[in-house]
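The values are calculated or read from the model by the stated rules, or taken from the named source; none is laboratory data. For clarity, every value in this text was computed on a predicted model and none was experimentally measured. Methodologically, a virtual Cβ is constructed for each residue, glycine included, from the backbone with ideal geometry; neighbour enumeration extends over all protein chains shown. Heavy atoms of the whole protein, side chains included, go into the accessibility calculation; ligands, DNA and RNA do not. Shrake-Rupley method; radii C 1.70, N 1.55, O 1.52, S 1.80 Å.
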Amino acid sequence: MTAPLASVLFVCVHNAGRSQMAAGFLDHLAGDRIEVRSAGSIPGDRVNPAAVEAMAEVGVDISDRKPKVLTTGAVQASDYVITMGCGDACPIFPGRTYLDWSLDDPAGRVVEAVRPIRDEIKALVEGLVAEIDAKRER
């Protein structure tokens with residue numbers, strides 16, 4: 001087994017919607033080529049059911065995921081740290097790539113309103129995979 005090309009940490013406030021969908025897409029698109037983590041600055045008690053349903057519609061199962069608290073260790077262990085609406089809650093360490101994805105929060109929304117957020121996340125994750133692959137080819 002070869003080492004992953006990179007490790008990615010997705011962070012949002014509750015780790016119940018955006019970061020879980022992003023992690024689900026990255027797992028689905030990259031498999032074991034990229035190590036995936038997600039966490040929240042103030043994690044919720046469960047993943048947003050509308051996010052679970054929206055992801056299931058496109059063949060990505062995130063129903064077994066649980067929100068996790070953001071730790072310094074998770075940030076230190078990641079090559080990419082992608083924040084989604086959690087402001088300055090994420091510690092900064094040299095040598096990591098930090099990206100902030102400005103996405104609507106799916107909290108409290110019905111699945112119809114979550115679909116456009118899901119689709120935007122998928123496009124961003126696809127771009128991230130392409131970026132990681134391009135760096136590897138250099």
Practice item. Sort all Cα-Cα distances of the stretch 15-66 into consecutive 10 angstrom bins from zero, then give the percent of pairs in each bin up to the one containing the longest distance. Key: 28, 56, 16
Check your understanding: If you place +1 on the Cβ of every Lys and Arg, -1 on the Cβ of every Asp and Glu, and leave all else neutral, what size is the dipole of the chain about its Cα centre, to the nearest 20 Debye?
Key -> 300 debye
Practice item. For a quick protection proxy, order the peptides 92-101, 56-65 by their average other-Cβ count within 10 Å, most packed first. Key: 56-65, 92-101
Check your understanding: Of the heavy-atom accessible surface of the chain (probe 1.4 angstrom), what whole percent is carbon and sulfur?
Key -> 51 percent
Point to revise | Measure of compaction for the chain (Cα Rg per 2.2 N^0.38 Å) | key: 0.98
Point to revise | Dipole axis of the stretch 1-123 (+1 Lys, Arg; -1 Asp, Glu on Cβ), positive-most option in G95, G44, V13 | key: G95
Practice item. Write down the accessible area per residue of the chain in Å², having rolled a 1.4 Å probe over the full set of protein chains. Key: 50 Å²
Point to revise | Per-peptide average of other Cβ atoms within 10 Å, ordering 27-33, 120-126 highest first | key: 120-126, 27-33
